[in-house]
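Peer 1: First the structure, which I've put down as structure tokens, then a few questions once you've had a look.
Throughout, read-outs are computed from the coordinates displayed, never taken from laboratory work. Computed from a predicted structure; not experimentally measured. Cβ placement follows ideal geometry from the backbone for every residue including glycine, while neighbour counts extend to all protein chains displayed.
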Amino acid sequence: MRVIKTVSEMSAEAARLRGEGKHIAFVPTMGNLHEGHLSLMRAARPRANVLVISIFVNPLQFEPGSDFDAYPRTFREDLKKCEPVGVDIVFAPTEPDLYPEGFQTTVEVTEISKGLCGDFRPGHFKGVATVVLKLFNIVKPHVAVFGEKDYQQLCVIRRMVKDLNLDVEILGHPTVREADGLAMSSRNQYLSPDERKRAALLYKFLTEARKRYERGERRAQALIARVQNGLARDPRISVEYVSIRDRETLAPLDTVDRPAVMALAVHIGKTRLIDNIFLDQQKM
Ligand code: AMP
């Protein structure tokens, strides 16, 4: 496994690999790797000859006053986790190399970045789209894997790839959860033991809503209200949004008459958590 820390070296290596006819798979991350990230890497591994992952805490996608400085950086531990899952190259650029002085170009995927997290994290998806496009240009992957945990992000990336005719296949990978259902996230470690217990309620109410859907409830508002009311009973949980959207376009739905995603964001104490679940007749 190689660690590459400069944009120029990564770009040259990717060009060389492509020149040799190698297929490149790519998993971008912000590090502090957990089983969720590793499962993306395992899914990517058989899709190519060379597996590249990136570790970069992207300042562009953090709103002012958010947890950019506090975000856990655990580079040494991350490297130890990468090798066993078959990573060939860890690309870990520095901020001044990726965003040199004078940098001013951004990518905005307008409609699908609105609503859900987009309403509460202004500029976030612009930062995500911009860094992912830059990383694609440097790493030159044939295929890239993203988690369904960040479902709106996955939709933003898919839309950008389509709209800008990028020659990369995007794969979504199911959310990896803790034993009690909590979606794995680097931010879970901000939770106190008491908050951590409460955090399991997110998936509990999402799965309850899916059961109601499977029993025939199609009114989005009825499903949403059940989750909202359930979470609101816990005084430490403050709900940002609970929403049911078309699985592809993320358009809000009144009636769940097509493949949909039920997504939510909450604050537990100071920690913001997101999760989602698919509502899909085929899974009944
Ligand atoms: P991050 O390091 O948070 O930017 O995440 C890097 C990638 O890992 C993104 O594509 C995330 O959607 C994905 N990811 C994060 N947590 C999970 C999880 N619990 N299950 C599956 N994928 C995840």
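Peer 1: May I ask you to compute the full-extension gain from residue 1 to residue 169, defined as 0.36 nm times their residue separation minus their alpha-carbon distance, rounded to one decimal in nm?
Peer 2: My answer for the length gained is 58.1 nm.
Peer 1: Based on the Cβ-Cβ distance of residue 73 and residue 212, what FRET efficiency does E = 1/(1 + (r/R0)^6) give at R0 = 25 Å, to the nearest 0.05?
Peer 2: For residue 73 and residue 212, the calculated efficiency is 0.05.
Peer 1: Measure off 7 Å from each Cα along the Cα-to-Cβ vector at residue 15 and residue 267, then give the distance between these two points in nanometres to one decimal.
Peer 2: 4.7
Peer 1: For the chain, with the dipole built from +1 on Lys and Arg beta-carbon atoms and -1 on Asp and Glu ones, taken about the Cα centre, which of 132, 46, 232 lies farthest toward the positive end?
Peer 2: The listed residue farthest towards the positive side: 232.
Peer 1: Follow-up question, since we're still on this one. Cα centroid distance between region 1-60 and region 164-185, in Å?
Peer 2: If you average the Cα positions of each part, the centres end up 16 Å apart.
Peer 1: Could you work out how much longer the chain between residue 200 and residue 120 gets when fully extended? Use 0.36 nm per residue separation minus the Cα distance between them, nm to one decimal.
Peer 2: Using 0.36 nm per residue and subtracting the Cα-Cα distance, I get 26.6 nm.
Peer 1: Now for a separate question. Give the relative contact order (percent, whole number) for the chain; include only Cα pairs under 8 Å separated by 6+ residues.
Peer 2: This gives 17 percent for the chain.
Peer 1: Please report, in debye to the nearest 20, how large the charge dipole of the chain is about its Cα centre when each Lys and Arg carries +1 at its beta carbon and each Asp and Glu carries -1 there.
Peer 2: 720
Peer 1: Right, next: Calculate, in nm to one decimal, what residue 240 and residue 35 gain on full extension: separation in residues at 0.36 nm each, minus their alpha carbon distance.
Peer 2: Full extension of this stretch gives 71.2 nm more.
Peer 1: Sticking with this one: Return the single residue from 52, 227, 107 with maximal mean-square fluctuation; model: Gaussian network over the chain, springs between Cα atoms under 10 Å.
Peer 2: 107
Peer 1: Apply the Karplus parameterisation 6.51 cos²θ - 1.76 cosθ + 1.60, with θ equal to phi minus 60°, to every residue of region 141-146 and state each ³J(HN,Hα) to the nearest whole Hz, in sequence, with x for glycine and proline.
Peer 2: Each residue's phi maps through the Karplus curve to give x, 7, 9, 9, 10, 10 Hz.
Peer 1: So for region 137-268, averaging the separation of alpha carbon pairs under 8 Å that are six or more residues apart and normalising by length, what relative contact order in percent results?
Peer 2: Over region 137-268, the number comes to 18 percent.
Peer 1: Along the Cα→Cβ direction, 7 angstrom out, place labels at residue 162 and residue 8. What is the inter-label distance in nm?
Peer 2: Reported label-point gap for residue 162 and residue 8 is 3.9 nm.
Peer 1: Once a ≥ b ≥ c are taken as the square roots of the eigenvalues of the Cα gyration tensor of region 2-173, is the result rounded (a/c under 1.5), prolate (a/b larger than b/c) or oblate (a/b not larger than b/c)?
Peer 2: rounded
Peer 1: Moving to a separate point now. Does region 214-272 come out rounded, prolate or oblate by the C-alpha gyration tensor, with a ≥ b ≥ c the root eigenvalues, rounded set by a/c under 1.5 and, if not, prolate when a/b is larger than b/c and oblate if not?
Peer 2: Verdict is oblate for region 214-272.
Peer 1: Whole-Hz ³J(HN,Hα) for each residue in region 18-26, computed from phi via Karplus 6.51 cos²θ - 1.76 cosθ + 1.60 with θ = phi - 60°, x for glycine and proline: what do you get?
Peer 2: Computed from phi, the couplings for region 18-26 are 4, x, 7, x, 7, 9, 10, 9, 9 Hz.
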